[in-house]
Each structure stands twice: as structure tokens, then as C-alpha cells.
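**Student:** Before I ask anything, here is the structure I am working with.
The values are calculated or read from the model by the stated rules, or taken from the named source; none is laboratory data. All of these numbers come straight from a predicted model, not from anything done at the bench. Here the Cβ positions follow ideal geometry from the backbone for every residue, glycine too, while neighbour counts run over all protein chains shown.
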Amino acid sequence: MKQQVIVIHGGTTFESYEDYIYYLKNKEISLDKLKLKKDWKDTLEEKLGENFEVLFPRMPNGTNARYKEWKIWFERIIPLFNNNIIFIGHSLGGIFLAKYFSENTISKKVKATILIAAPFDDEKSGKSLAGFKLFSSLERFSKQGGKIYLIQSKDDPEVLFEQLEKYKQALPNAKTLIFNDREHFKQETFPEIIKLIRNL
């Protein structure tokens, strides 16, 4: 049986519908931003090899994400997974996993959870986390999330580096991987994540 790796993508969320409309009307756009750009997730299964199955559930309304909607969808797809899953949450996907695992009991055994550039709160960020805010202790997450890894880059312009310190305090047994120059991890290659997953 192949090792399943589930990748929960990032997204944006807003406190109100009016804030979302404002974003749509004012977000900077350019031809370059309209081009399809590949990142490390696009080649993850190929790089991991034939012993792995990588799944990318598209979470609802990624541009105006709502935690309740993501939770409903996530709970519908969990029964499709095998035990000993490896979860990867990138950006908003990371805080989604932290919140879900801290507030709910997952019906599958989790081998590892990897949070990449995950916000912990929205202090000093200028961006809202709306319903994705963490209200509970992360103790339940630490018990059912398997081996937990926190990955962050010091130059991330979207999730401040100090967010990692908050995760480290809440999850003292988590392992950390710190980079200096990966920004928000949108690069085309990510050999370190391949090595990490293979070594689990």
C-alpha cells in the first residue's frame, strides 16, 4: 500500500464580505500574476517516487476561505484516506490543520503533520484569519498529529517569522526547519521536503 501524503493548500480569508469585495477591487494585478506558475507541490509525487500517493484536495473558496466550509469538506474526504497519513499544510492550510486537530478527533491514524509557513495568529500581519483563528490549546493536536514539523523562512513576507516561535511554545515537541531565503515557499523545487517525507 502506498504512503499517502495529503496537501492542504493556502488561501485568503476576510472578516466580512465587504472586506473581500474591497480586496477584489484593490488587489494589485499584472500580466505576470496571471501566468500559471509551478511550485514544488506540482512535482511532489513524481519526486517522492512510486511508493507514495500525493493527494491535493481543493478546499472550498480558497480566495475567500471560511473555516466552517473547509471543516465540512475535510470531514467528507477523511474516510477516503488510509491510516498513517502524512499531512502537509501550507500557509492557511497549516493553521487549518492545527485548528482542526486541536478541536476535533480525527478518525485516522496520522503519521506526521508538516506545517509550512503557517500563521499562528493575525497580530501585526494586517491580514485577517477570521474563523481560522486558534482558540484552543494545541495539546490535542500534539497527541493526534503524529510527528509534527514546523517549517518557516526568516524572509517570509506573508507570515512573519515570529509566528514560528508561537507554534514552538504551543507545540514544544515539534521539530523545526528554518530557512533564510525561501520567502513563502512558492519555489519550484523543495528538496528538503522530499527528504523529510522519505525519512519519516
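**Student:** Find all pairs meeting these conditions: Cβ atoms under 7 angstrom apart; at least six residues apart or on different chains; first residue within the stretch 4-27 and exposed (fewer than 14 other Cβ atoms within 10 Å of the Cβ); second residue not in a loop (DSSP other than H, G, I, E, B).
**Tutor:** Glu15/Ala130
**Student:** Let me ask you something else. Is it true that Leu138 is touching a Leu at 6+ places or on another chain (Cβ under 8 Å) and in contact (Cβ under 8 Å) with a residue 40 or more places away in the chain?
**Tutor:** yes
**Student:** Separate question: Ile77 - would you say it is farther than 21 Å from His184 by Cα, without any contact (Cβ under 8 Å) to a residue 60 or more places away in the chain and out of contact with any strand residue (DSSP E or B) (no Cβ under 7 Å at 6 or more places or on another chain)?
**Tutor:** Answer is yes for this residue.
**Student:** Conditions first: (1) without any contact (Cβ under 8 Å) to a residue 12 or more places away in the chain; (2) more than 13 Å from Ala170 (Cα to Cα); (3) assigned to a helix (DSSP H, G or I). Lys143 passes all but one, so which condition is the exception?
**Tutor:** Lys143 satisfies every listed condition except (2).
**Student:** Has the stretch 187-199 got at least one residue that is basic (Lys, Arg) and farther than 19 Å from Val5 by Cα?
**Tutor:** No.
**Student:** Of everything in the stretch 95-127, what is surrounded by fewer than 16 Cβ atoms within 10 Å (Cβ to Cβ), among the small types (Gly, Ala, Ser) and under 27 Å from Asp19 (Cβ atoms)? Give them in sequence order.
**Tutor:** Ser125, Gly126
**Student:** Also, I was wondering about something else. Confirm whether Lys186 is crowded, with 16+ Cβ neighbours inside 10 Å, at pLDDT below 95 and in a loop (DSSP other than H, G, I, E, B).
**Tutor:** Spelling it out, Lys186 is indeed crowded, with 16+ Cβ neighbours inside 10 Å, at pLDDT below 95 and in a loop (DSSP other than H, G, I, E, B).
**Student:** Does the stretch 153-165 include one or more residues that are part of a loop (DSSP other than H, G, I, E, B), modelled with pLDDT of 95 or more, touching a helix residue (DSSP H, G or I) at 6+ places or on another chain (Cβ under 7 Å) and not β-branched (Val, Ile, Thr)?
**Tutor:** no
**Student:** Right, next: Check Glu53 against each of (1) of a type in the set (Asp, Glu); (2) more than 26 Å from Gly126 (Cα to Cα); (3) modelled with pLDDT under 95 and name the one condition it does not meet.
**Tutor:** Answer for Glu53: the failing condition is (3).
**Student:** Could you count how many residues in the stretch 172-183 are part of a loop (DSSP other than H, G, I, E, B) and within 21 Å of Lys124 (Cβ to Cβ)?
**Tutor:** 3
**Student:** Now, a different point. When only residues in the stretch 109-138 that are more than 14 Å from the chain's Cα centre (by Cα) and modelled with pLDDT of 95 or more count, which is farthest from Val159 (Cα to Cα)?
**Tutor:** Lys109
**Student:** Okay, moving on. Name the single residue, out of those in the stretch 168-197 being among the β-branched types (Val, Ile, Thr) and in contact with a strand residue (DSSP E or B) (Cβ under 7 Å, 6 or more places away or on another chain), that is farthest from Ser153 (Cα to Cα).
**Tutor:** Ile197
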